[in-house]
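The values are calculated or read from the model by the stated rules, or taken from the named source; none is laboratory data. Treat the numbers as computed from the prediction; the structure is a model and nothing was measured. Glycine also receives a Cβ, built like all others from the backbone with ideal geometry; neighbour counts cover every protein chain displayed. All accessible areas refer to the heavy atoms of the entire protein, side chains included, with ligands and DNA or RNA removed. Shrake-Rupley method; radii C 1.70, N 1.55, O 1.52, S 1.80 Å.
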Amino acid sequence: MTRLSVNLNKVALIRNSRGENLPDLVQVVKDCESFGAQGITLHPRPDERHARYSDIPQLREIVTTEFNIEGNPNPRFLELVLNNPPHQCTLVPDDPDALTSSEGWNTIKYHDFLTETIAKLKEKGIRVSIFLDPEERFVEGAKKVGADRIEFYTGHFAKEFKTNPENAVRSHSVAAKLANELGLGVNAGHDLNLENLKFYKDHVEGLLEVSIGHALISDALYYGLENTIQMYLSKLK
Ligand code: PXP
C-alpha cells in the first residue's frame, strides 16, 4: 500500500497572505483526514512564508493519521521536531531562501552530520526519512547514516515524464530496488500529480508513501478537496 500524505504548505500560503486564520489549517487537516488522506505533511522553511514553526505543536495534537514534518535540520527546526515528535521527520537539504526543494542529500559528503542528526531524532522514537536523488551511491550512504527511509526527489522525473516516461522513471526503479534490498523504506515527492502518479507507483517497487502538495491543492480548486483526495487515492490503488 502507498500512503497519500497531503502537504499543506500551499494552504498555509493562502492563510498567510491575509494575516488572519483563513483557511484554518486545523480544520483542513481534519477534513483531509476525513476525506481519506493517510498522512499530513508540513514543511516549515526559515522565512515561514507558508508553514510556520508555530503550526507544528498545534497540528501535532490533532493529526490522527501520520504526521510528517519536513525541512532542513537547522538548530531551530531540530529543536521544534524534538519537542513535538511527529511520526516521521524528513530531512531536506534546502537552502533557507529556496523557492522549493530541488535536490536530495549527498549522503557521502554529509555522512557525519546526518548520522548525528538522525541518531538524535531516532532517540525520540521518530522515524527518519531523508530526501534523495535516485542514485545508488546515495541510497547506500542513506543506509550507512542510519535512515529508516528515503524520499526520492521526483522533480526531474515529473519534467521528463511528459516526453519520455520510461526513461524518466528508470533511475527510480533501480534505486528503489536497492533500497528495498538494504531494508530502507521508500517514499517519494515533488511535482507528483494526477497524470504521473500511477505510472510512478507502478514502476517503483515497494513505494510506501507519497507526499503531494502543489498539484493536489491546485486540483482542489477545480474538483474540490474531497474529490481531489479521492482521485489521488484511486491512482495509488
Ligand atoms: N517532498 C519534499 C521534500 C518537498 O520539499 C515538497 C515540497 O514542499 C514535496 C515533497 C511536495 O512537493 P509538491 O508540492 O510539488 O507536491
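For the reader, a short list of remarks on this structure follows.
- Residues that are basic (Lys, Arg) and away from the ligand (no atom under 15 Å from the Cβ), drawn from region 170-229: Arg170, Lys177, Lys198
- Summed over region 98-120, residues that are within 22 Å of Ser211 (Cβ to Cβ) and surrounded by 13 or more Cβ atoms within 10 Å (Cβ to Cβ) total 13.
- Any hit, region 52-67, residues being at positive phi and not aliphatic (A, V, I, L, M): no
- Taking first residues from region 180-209 that are among the aromatic types (Phe, Trp, Tyr) and partners that are surrounded by fewer than 18 Cβ atoms within 10 Å (Cβ to Cβ), the Cβ contacts under 8 Å between residues at least 6 apart in sequence or on separate chains come to Phe199/Pro165.
- So Leu233, is it within 18 Å of the chain's Cα centre (by Cα), over 30 Å from Thr117 (Cβ atoms) and of a type in the set (A, V, I, L, M): yes
- Flag if Glu33 is more than 20 Å from Phe152 (Cα to Cα) and under 17 Å from the mean Cα position of the chain (by Cα): yes
- Test result for Asn68, modelled with pLDDT of 95 or more and within 14 Å of the ligand (Cβ to nearest atom): yes
- Asp95 vs. criteria within 13 Å of the ligand (Cβ to nearest atom) and open to solvent by 10 Å² or more (accessible area, probe 1.4 Å): yes
- Region 1-20, subset in a helix (DSSP H, G or I) and of a type outside the set (A, V, I, L, M), residue nearest to the ligand (Cβ to nearest atom): Asn9
- On inspection, Asp148 qualifies as of a type in the set (Asp, Glu) and within 16 Å of the ligand (Cβ to nearest atom).
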